[in-house]
1. Which residue is farthest from ILE310 (Cα to Cα), if the candidates are limited to the stretch 341-350 and must be without any contact (Cβ under 8 Å) to a residue 40 or more places away in the chain and either open to solvent by less than 40 Å² (accessible area, probe 1.4 Å) or of a type in the set (Gly, Ala, Ser) (or both)?
2. Go through the stretch 145-181 and give me each residue that's touching a helix residue (DSSP H, G or I) at 6+ places or on another chain (Cβ under 8 Å), of a type outside the set (A, V, I, L, M) and either part of a helix (DSSP H, G or I) or in contact (Cβ under 8 Å) with a residue 40 or more places away in the chain (or both).
3. Look at ALA291 and say whether it is of a type in the set (A, V, I, L, M), touching a Lys or Arg at 6+ places or on another chain (Cβ under 6 Å) and crowded, with 16+ Cβ neighbours inside 10 Å.
4. Taking the stretch 92-129 as the search range and keeping residues that are among the aromatic types (Phe, Trp, Tyr) and modelled with pLDDT of 90 or more, which one is most open to solvent (accessible area, probe 1.4 Å)?
5. Any chance you could count how many residues in the stretch 473-489 are more than 19 Å from ASP542 (Cβ to Cβ) and either within 38 Å of the chain's Cα centre (by Cα) or in a helix (DSSP H, G or I) (or both)?
6. Got a number for residues in the stretch 128-144 being among the aliphatic types (A, V, I, L, M) and assigned to a loop (DSSP other than H, G, I, E, B)?
Amino acid sequence: MNISVETTPKTSLRILIADDEKAIRASYRDILETKAAAPVSRSLDDMRTRLFGTSKPANRADEHFDLTFCTGAEDAVQAVKDACCDGQPFSVVFLDMRMPPGPDGLWAAIRIRELDLRVDIVVVTAYSEIDPEEISRQVPPIGSIFYLQKPFHPHEIRQLAGALGRRRQAEEQIRQLAYYDDVTHLPNRAFFKELFSQAIGLARRNQQHLALLFLDLDNFKRINDILGHSIGDLLLIEVAKRLSLSLRATDSITLGRPGQHTDESLARFGGDEFTLLLPQIRRGEDAGLVARRVLDALAEPVMLAGHEVIVNGSIGIAVYPEDGQDTETLLKNADMAMYFAKRESGDDFRFFTEAMNTTALKRLTMEKHLRRVLELNELSLHYQPQVDVTSGCISGVEALLRWNNPELGMVSPADFIPLAEETNLIVPIGDWVLRTACAQAKAWRDSGALLPRVAVNVSVRQFAQTGFPAQVERILSETGLEPSALEIEITESVLMKDGEMAITTLRDLKALGIQLAIDDFGTGYSSLAYLKQFPIDRLKIDRTFVCALNSDINDRAIASAIISLAENMNLSVTAEGVETENQLAFLKSRNCNEAQGYYMSRPLPVKEMGEILRKKSSMPWSKPETI
């Protein structure tokens, strides 16, 4: 390779000149250099006269060019590739049409355009049979390919170099504003989609694979809320650096798009979402290696303004052409895979599968119907008895939500309740549950049934609402239910999310005279320091510790410890998921107060539960078959 580079100030326009004749390269230098050219031989003067006539090239001191010269088409392509890799692309490329003994200028132009879509190319030739229109068709876009016939005037060269070079500078400034994120300085969503579309086109032409990684930071919002947006921006900058380094380490995995700058394969897609492009990947499965490398890089703690911050991510992967043939489909599928990774565990990656499409369609259908569930009166409550272990009497009932949709049939609470929480529909649905349960309990008590209390589960979003205690007070007032007959159940995760807020809300609820219980106790991040401050009445042992009471010594130990802890703190205990007589016997031997589960009764609709309350609420409890 024969490439020489002459540097000028940083504000100069980068120009590549490819010509096999030394004299012509010297002429370009005379035209474009700002300093006077060195004395040359008579033969060079003759060449300039033949090319440019008798006019001597004029030099403008106010315009500087950074000139790179090469002698052949292959050298020119390599020079463009190197410039793009260095992030300093050329503004204009002058290509001689004939550069024997290697490929011609048209061959070089086609390949240069693949490397740099925005560079202006000037094809220069002394041969009249060359068809400019044919050149334009082969090297689109038309607005970035020019044709110059020899002999030409020196000002033509200088004007083209200056005008086209300044045009690219202006375009780059505009693109920086329009196409780059102002925090991380990575390409933004619009720019990435444009680059992604081009990469898909190249992969299609070359019959190659590419992979798209869609990354969402798992705990960014919490960091942003606690430490502030300025720290959040610093974290985004650090994440961008780590992602860029991870991509630069993928050379052994991907073939790479020749000349593509690494940072153009990475974008801040919006908020705490990033997209990573692996062009011309060798195997789709190899994208998982990159994803794991990215997650490992993110997991390293970072110090930001004196705070040690740990951020994890979830990644979804879509591979072309298996998972989609166009930009939108691949982005949608990678986003969907990311959602599954986040929902399952977080800090992990998932490849897209068609099964995800089926699940997502089911979810969309469910969400569509869930939004009208109150309007169409499709919800109902079933009630499961809570039994005093010693006397066998019903000590309360828990209200459990059921949904029967004409199209979907009976929908499991395990499916629709998490969806309601994600879409914030749980707030109006939760209000309906609380109001309906209170009204039903009031009706039963008014009919003479001895019902000590009705228990209602409250979601995180409900509990965290400003004015939630006031809403409970309104419902009690409107339904006429005595406050002491209502028990609100909150999971440990709700209480641990914001301990100080939880204490305030619980105290406000307790001031109303209602009862409070911690549901699923032992499954979350229990804090005894907080527990002693919570004004609660009851702990509910989660069913996971009850189901193996007769076979697992650890579950027996945990259940016994919870019962002992509650007894020492003057709290009642209800064990959930009791399904056998032996389980009930063990709980009774440990002085557990109440039991709830299929051994006593399944959840029952209003009519059946009402009959049991009227007939047996004051009678000793026997076996399920007597219900």
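The values are calculated or read from the model by the stated rules, or taken from the named source; none is laboratory data. Predicted model, so just to flag it, every value in this text is computed and none were measured. Using ideal geometry, Cβ is built from the backbone for each residue, glycine included, and neighbour counts are taken over all protein chains shown. Heads up: the accessible areas ignore ligands, DNA and RNA and are worked out on the full protein's heavy atoms, side chains in. Shrake-Rupley method; radii C 1.70, N 1.55, O 1.52, S 1.80 Å.
1. Applying the filter and picking the extreme gives ALA341.
2. LYS150, PRO151, PHE152, HIS153, PRO154, ARG158, ARG175, TYR179 - these are the residues of the stretch 145-181 that are touching a helix residue (DSSP H, G or I) at 6+ places or on another chain (Cβ under 8 Å), of a type outside the set (A, V, I, L, M) and either part of a helix (DSSP H, G or I) or in contact (Cβ under 8 Å) with a residue 40 or more places away in the chain (or both).
3. Numbers: of a type in the set (A, V, I, L, M): yes; touching a Lys or Arg at 6+ places or on another chain (Cβ under 6 Å): no; crowded, with 16+ Cβ neighbours inside 10 Å: yes.
No; evaluated as a whole, the condition is false for this residue.
4. Only one residue fits best here, namely TRP107.
5. Matching residues across the stretch 473-489 total 10.
6. 2
Here is a yes/no grid of residues against (1) modelled with pLDDT of 95 or more; (2) under 42 Å from the mean Cα position of the chain (by Cα); (3) open to solvent by less than 10 Å² (accessible area, probe 1.4 Å):
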site: VAL454; (1), (2), (3): yes, yes, yes
site: ARG461; (1), (2), (3): no, yes, no
site: GLN465; (1), (2), (3): no, yes, no
site: THR491; (1), (2), (3): no, yes, no
site: MET501; (1), (2), (3): no, yes, no
site: LEU506; (1), (2), (3): no, yes, yes
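Here is a yes/no grid of residues against (1) more than 25 Å from THR329 (Cα to Cα); (2) of a type in the set (D, E, K, R); (3) open to solvent by 20 Å² or more (accessible area, probe 1.4 Å):
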residue: ASP131; (1), (2), (3): yes, yes, yes
residue: SER144; (1), (2), (3): yes, no, no
residue: HIS153; (1), (2), (3): yes, no, yes
residue: ILE157; (1), (2), (3): yes, no, no
residue: GLN169; (1), (2), (3): yes, no, yes
residue: GLN173; (1), (2), (3): yes, no, yes
residue: HIS185; (1), (2), (3): yes, no, yes
residue: PHE191; (1), (2), (3): no, no, no
residue: HIS229; (1), (2), (3): yes, no, yes
